[in-house]
Structures are given as structure tokens and as C-alpha cells.
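Remarks on the structure that follows.
The values are calculated or read from the model by the stated rules, or taken from the named source; none is laboratory data. These numbers were taken from a predicted model, which means no experiment stands behind them. Heads up, the Cβs are rebuilt from the backbone with ideal geometry, glycines too, and the neighbour counts pull from every protein chain shown. Note: accessible area is taken over every heavy atom of the protein model, side chains too, but ligands, DNA and RNA are not part of it. Shrake-Rupley method; radii C 1.70, N 1.55, O 1.52, S 1.80 Å.
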Amino acid sequence: MFLNYFFNTILLKKVMPTRIIVEVTTKCNLGCEYCYHSCNNCGFDMDLNVLKGIVGCIKPETKVVLTGGEPLCCSKIAMMLAELKRNDIKVIVYTNGLLLSQQILDEFKLSGVEKIQVSLDGLTDQTNRLRNMTQKMVENVCDNIVIASRYKEFSVDVSCVLSITNYQQTEDLLKFSNENNIGVVFSFLSPEG
């Protein structure tokens, strides 16, 4: 009901955004302190028919950003990527990078994913303290970023939330990004209130 009203209103007014952010799941394999998803792997996946409804209402030049929770925790991610490709929709995936694998990256390549944006607040467990990551997890994400950066079919960015725990180590992250030809997007942790 809400989606019909929303998209019919947009279509009737012929106003179309250039980018739509679609939360495909509320599940996540991390428990970042600054994230509104706090239940880790509990949660639910978006119904594929909801995505089809969104796709049916947008223009092909509209980019769809898949996010969550962690979109790679979504059991329907392959079907969603196939639906978006079938409709020639450009896709950006926001991920924490822990579940990136050769198989998933190959799927991204075949699905026409345009960009992957990986959340990483630095290169150590201390800089990722608010994300509850161990050093092994950070190294895994860094390895996955390096592998992803070798693909020519999509670009890779790192998204870093600056906070008191990591702002002094941003130079290391910038060096890592330069060495691997990836972009860095900085945002600031704002206090709630």
C-alpha cells in the first residue's frame, strides 16, 4: 500500500530520483555501535516482489544502492541482482566486506554491479572498535578489498566513519586506498541527541 502510493505519487508528478537506496535486509554479521541495526543476524530480508515493484516504477538510468543491515546476509541477493540486471538497472552495493568472496565478486561482475562501497574505519581492530571487529576480521576485509579492486568491471570505495577512535590513523587508510586504486569516503560520527 505504501509503495503503491509512494511510487504512483512520484510517477504522477514525473519526479524521479537519480539514486534509490534499498535496504534488502535488516540482518547483519556485525554489531556496529553507531548503526541503527543492533540485532546482528536477526531480522528479515526484503521480499523479492517488493524489489520487483520498485524496479517497475523507476527509470533505467536510476541507480539502485543495495544496503542493509549487511546486503550479503540477504538470502535473496543473487535473485535481486539478477532482477536488477534483467531490467538494466545500475547497482551499487554497500557492504562491510566480511562476506566478500571470489564467488560473490564474480556474481557482481556478471550482474553488472557498478560499484562496491566497503565500510572500514581503519586498518586495525582499535580503529574499528565501534564496529566490534577483531584484527583478523579487519585483515579479512582488507584482503577482500584488494581482491575486489582487481576487477575492472566495478569500482571499489572504502567508507570510513571518523570518530575519536580512528581519526589519527586516517593516513594509513589513505595510503592503503592509494596502493590499491580505491576511493575513500569519509563521514563523521555525530552524537545522538
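Overview of results
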{"item": "Every residue from the range 44-77 that is open to solvent by 20 Å² or more (accessible area, probe 1.4 Å), assigned to a loop (DSSP other than H, G, I, E, B), within 13 Å of I89 (Cα to Cα) and not hydrophobic (A, V, I, L, M, F, W, C)", "result": "G56, K59, P60, E61"}
{"item": "Residue within the range 12-24 that is at pLDDT below 95, under 26 Å from S187 (Cβ atoms), in contact with a helix residue (DSSP H, G or I) (Cβ under 6 Å, 6 or more places away or on another chain) and open to solvent by 40 Å² or more (accessible area, probe 1.4 Å) present", "result": "no"}
{"item": "Verdict on N49 being of a type in the set (S, T, N, Q) and either modelled with pLDDT of 90 or more or on the phi > 0 side of the Ramachandran plot (or both)", "result": "yes"}
{"item": "Residues of the range 78-114 classified as open to solvent by 30 Å² or more (accessible area, probe 1.4 Å) and assigned to a helix (DSSP H, G or I), total", "result": "12"}
{"item": "Residues satisfying the stated conditions in the range 77-110, i.e. charged (D, E, K, R) and out of contact with any Pro (no Cβ under 8 Å at 6 or more places or on another chain)", "result": "E83, K85, R86, K90, D106, E107, K109"}
{"item": "Among residues of the range 146-176, those that are outside any strand (DSSP E or B), within 18 Å of the chain's Cα centre (by Cα) and within 16 Å of N96 (Cα to Cα), counted", "result": "4"}
{"item": "Residue list for the range 115-141, restricted to those being surrounded by fewer than 18 Cβ atoms within 10 Å (Cβ to Cβ) and touching a Leu at 6+ places or on another chain (Cβ under 7 Å)", "result": "N132, N140"}
{"item": "Residue selected from the range 154-174 under the condition open to solvent by 60 Å² or more (accessible area, probe 1.4 Å) and in contact with a Gly (Cβ under 8 Å, 6 or more places away or on another chain), by the criterion modelled with the lowest pLDDT", "result": "Q169"}
